[in-house]
Amino acid sequence: MKRIITLALCVGLGVLSGCASKQSLDELPPMPAAEPSVDDVNLANGMTEPSPLERKKEKTQENNDIWVRLRQGYGLDLSIENDRIRVQRDWYARHPQYFTRVTTRSERYLHYIIEQAEARDMPLELALLPIVESAFDPFAYSHGRAAGPWQFIPSTGDYFGMKRTWWQDQRRDILKSTNAALDYLQQLSDRFEGDWLLALASYNAGGGTVSRAIRRNEEAGKPTDFWNLSLPRETTAYVPKLLAIAQIVQDPDSYGVTLHPIRNEAYFSTVDTGGQIDLAQAARLADISVEELYLLNPAYNRWATSPDGPHRLLVPADREERFLAGLAELPKDQRMRWARYEIRPGDNLGAIARKHRTTPQVLRSINKLNGNTIIAGRTLLIPGPSSGDDDYSLSEEARLTANQSRERKGRQRINYTVQSGDTLWDISRRYNVGVKELAKWNNMAPGDSLRIGQSLAVWSESRQAASAVPPENDKMVRKLRYAVRNGDSLYAIADRFNVSVNDIKSWNDRVASNRYIQPGQRLTLYVDIRKTF
């Protein structure tokens, strides 16, 4: 019987999505993992990571250890032994502190993930997948524009109905992203007749990539199990990573690894806020730090929940009653701080938005404006934080500032303001730095677009680096669209235009996430006309 089963579904779209509902499961692109390294043991941006809250010890119960419950729900074949698994397992065993750190991070989320996987009768090794994807960092953001603990890229997030707005990115929402990830994995498992290794490979590389690899092996008379397929390099390591982690969790003592102790009980409760609320205000009601509230509700980009909902917060389970009691006593008009701004002659909505660190879209929505036209003498309602910036240290703006400011040994910071026509590649070339480096310093991916006026941090090895490629010489660089021809390869195209393969990948998202190029496919190239013959 053919392994490939056609599966289509229709899911409601989120904000900023295109026509995602018209895509089939086969068309969803790869979701590259964040690939944390041994040096990546802190939260993104190098900030000090708050420890999970100390919880009151309850009476000892049978199976009060989450790791015992996890092992009892294992369903994958962990007896498989080969070099690909061994290499990954040895790496984790050589870095036990890293393993302890990521399991500590997992305390806030693991119980919920296990409960959801159990409800679907899925193998509980899948609850460990965020270690591979994001090191359980809810703010992880990869070079492929994947975000959150489960590393959803924008298009797949849209497909599963996760909104992305100025206020929130639901790919980082613990409840929504977990359920979307498990739904996706279940659909992939069904597609490949219950083969979880192929489902996992598809989660990383895309179902179409795995299906094509299976077809190639079928045509060649070769086995079609995961271990015999020719898949992208990242995917060939991705599945062994999860199996290696599961083996270590099964018997940590044998590998000299310490698992952070986690009790088998819910870390958080979900509470209904009934509307938008300032996160510093909510943290005070729950008697927890704002950082703790952000780590439980990492979807929120700003100082408050989204006015469009969902109107809920996750709070530590033992603070639920305290929070609800405080919320009931707090008048609704005190849940947010609002400023009233009188429009002056010459004002425009964009300038007012920039001055108050918001966007024209937010001001239009709150003030029920149909367009950007405003009238002098009238008043605008403008939302703002109730506390100082330091209290919102895990907001999108604060995380960006912390990352941009973090010292890089042997480098000096240059502040660059984006001009019309700029690209990350242009700027990286001007300052003689890598595109991926530049993107990482600014919490971006190489394929992200720039905004005129956006402030970037460039960590150059020398303040004179800009003179290595004088700005006037940039006029010799031309952007062109190249149509791939029969017989073309990335190497041949790079050689023809005197650029590198990595350059081509950084300029073209689809090329960066796929192994092959197709005739007729159009590539964006930036070519120095002095070096092209």
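The values are calculated or read from the model by the stated rules, or taken from the named source; none is laboratory data. Source: prediction; values computed, not measured. Methodologically, a virtual Cβ is constructed for each residue, glycine included, from the backbone with ideal geometry; neighbour enumeration extends over all protein chains shown.
The single condition among (1) of a type outside the set (Phe, Trp, Tyr); (2) under 28 Å from Tyr516 (Cα atoms); (3) under 22 Å from the mean Cα position of the chain (by Cα); (4) crowded, with 17+ Cβ neighbours inside 10 Å that Leu231 does not meet is (3). Taking region 161-203 as the search range and keeping residues that are at pLDDT below 95 and among the aromatic types (Phe, Trp, Tyr), which one is farthest from Tyr74 (Cα to Cα)? Looking at residues that are at pLDDT below 95 and among the aromatic types (Phe, Trp, Tyr), I get Trp166.
Quick one: which of Arg463, Arg496 is modelled with pLDDT under 80, surrounded by fewer than 16 Cβ atoms within 10 Å (Cβ to Cβ) and in contact with a strand residue (DSSP E or B) (Cβ under 7 Å, 6 or more places away or on another chain)? Exactly one residue qualifies, and that residue is Arg463.
With respect to the stated conditions, Ala266 fails to be outside the structural domain of Val68 (by TED's automatic domain parsing) and at pLDDT below 95.
Just to be sure I understand, how many residues within region 223-244 are assigned to a helix (DSSP H, G or I) and either out of contact with any helix residue (DSSP H, G or I) (no Cβ under 9 Å at 6 or more places or on another chain) or among the aliphatic types (A, V, I, L, M) (or both)? Break it down into steps so the answer makes sense when it comes.
Residues of region 223-244 assigned to a helix (DSSP H, G or I): 226-228, 233-244.
Subsequent filtering for residues that are either out of contact with any helix residue (DSSP H, G or I) (no Cβ under 9 Å at 6 or more places or on another chain) or among the aliphatic types (A, V, I, L, M) (or both) retains 233, 237, 239, 242-244.
Result for region 223-244: 6.
Going residue by residue through region 85-100, is there one that turns out to be surrounded by 16 or more Cβ atoms within 10 Å (Cβ to Cβ), of a type in the set (Lys, Arg) and either more than 22 Å from Thr236 (Cα to Cα) or in contact with a Ser or Thr (Cβ under 8 Å, 6 or more places away or on another chain) (or both)? The answer is no; no qualifying residue exists. Taking the criterion of being crowded, with 24+ Cβ neighbours inside 10 Å and not aliphatic (A, V, I, L, M), the only residue of region 207-216 that qualifies is Gly207. When the criteria are applied in full, Tyr294 meets the requirement of being buried (at least 22 other Cβ atoms within 10 Å of the Cβ) and touching a strand residue (DSSP E or B) at 6+ places or on another chain (Cβ under 8 Å).
Checking each residue in region 163-198 for being within 14 Å of Pro138 (Cα to Cα) and either in the same structural domain as Ile366 (by TED's automatic domain parsing) or not in a helix (DSSP H, G or I) (or both) picks out Gln168, Asp169, Asp173.
Scanning region 164-205 for residues that are at positive phi and touching a residue at least 24 places away in the same chain (Cβ under 8 Å) returns a single hit, Glu193.
Going residue by residue through region 355-364, is there one that turns out to be basic (Lys, Arg), closer than 30 Å to Asp509 by Cβ and modelled with pLDDT under 85? Among the residues of region 355-364, at least one is basic (Lys, Arg), closer than 30 Å to Asp509 by Cβ and modelled with pLDDT under 85, which makes the answer yes. Only a single item in (1) assigned to a loop (DSSP other than H, G, I, E, B); (2) within 27 Å of Glu265 (Cα to Cα); (3) modelled with pLDDT of 95 or more is not met by Phe139, and it is number (3).
Given the residues Arg354, Arg430, Arg399, which is the only one that is among the basic types (Lys, Arg), out of contact with any Leu (no Cβ under 7 Å at 6 or more places or on another chain), under 23 Å from Trp166 (Cβ atoms) and buried (at least 17 other Cβ atoms within 10 Å of the Cβ)? Quick ask: steps written out before the conclusion?
Working: Arg354 fails: buried (at least 17 other Cβ atoms within 10 Å of the Cβ); Arg430 fails: under 23 Å from Trp166 (Cβ atoms).
Being among the basic types (Lys, Arg), out of contact with any Leu (no Cβ under 7 Å at 6 or more places or on another chain), under 23 Å from Trp166 (Cβ atoms) and buried (at least 17 other Cβ atoms within 10 Å of the Cβ) holds for just one of Arg354, Arg430, Arg399, which is Arg399.
Check region 95-110 and report whether any residue there is touching a Gly at 6+ places or on another chain (Cβ under 9 Å) and modelled with pLDDT of 95 or more. Checked against the condition, which is being touching a Gly at 6+ places or on another chain (Cβ under 9 Å) and modelled with pLDDT of 95 or more, region 95-110 yields no hits at all.
Screening Ala244 with (1) under 22 Å from Gly157 (Cα atoms); (2) buried (at least 22 other Cβ atoms within 10 Å of the Cβ) gives one miss only, at (1).
Condition check ((1) surrounded by fewer than 17 Cβ atoms within 10 Å (Cβ to Cβ); (2) in a strand (DSSP E or B); (3) modelled with pLDDT of 75 or more; (4) charged (D, E, K, R)) across all residues:
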position	(1), (2), (3), (4)
Asn443	no, no, yes, no
Ser449	yes, no, yes, no
Gly453	yes, no, yes, no
Leu456	no, yes, yes, no
Arg478	yes, yes, no, yes
Ala512	no, no, no, no
Ile517	no, no, yes, no
Arg530	yes, no, no, yes
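Filtering region 398-423 to residues that are aliphatic (A, V, I, L, M), assigned to a helix (DSSP H, G or I) and either touching a Phe, Trp or Tyr at 6+ places or on another chain (Cβ under 7 Å) or in the same structural domain as Tyr294 (by TED's automatic domain parsing) (or both) leaves only Ala398.
For Leu285, state whether it is over 28 Å from the mean Cα position of the chain (by Cα), buried (at least 17 other Cβ atoms within 10 Å of the Cβ) and either over 23 Å from Arg108 (Cα atoms) or hydrophobic (A, V, I, L, M, F, W, C) (or both). Yes, satisfied. For region 385-396, the candidate set comprises residues that are part of a loop (DSSP other than H, G, I, E, B) and touching a residue at least 60 places away in the same chain (Cβ under 8 Å); within that set, the residue that is surrounded by the fewest Cβ atoms within 10 Å (Cβ to Cβ) is Ser387.
In this structure, does Gln276 turn out to be outside the structural domain of Thr100 (by TED's automatic domain parsing), touching a Lys or Arg at 6+ places or on another chain (Cβ under 9 Å), crowded, with 17+ Cβ neighbours inside 10 Å and touching a residue at least 60 places away in the same chain (Cβ under 8 Å)?
So Gln276 passes the test.
Here Asp308 does not fit the description of being acidic (Asp, Glu) and over 26 Å from the mean Cα position of the chain (by Cα).
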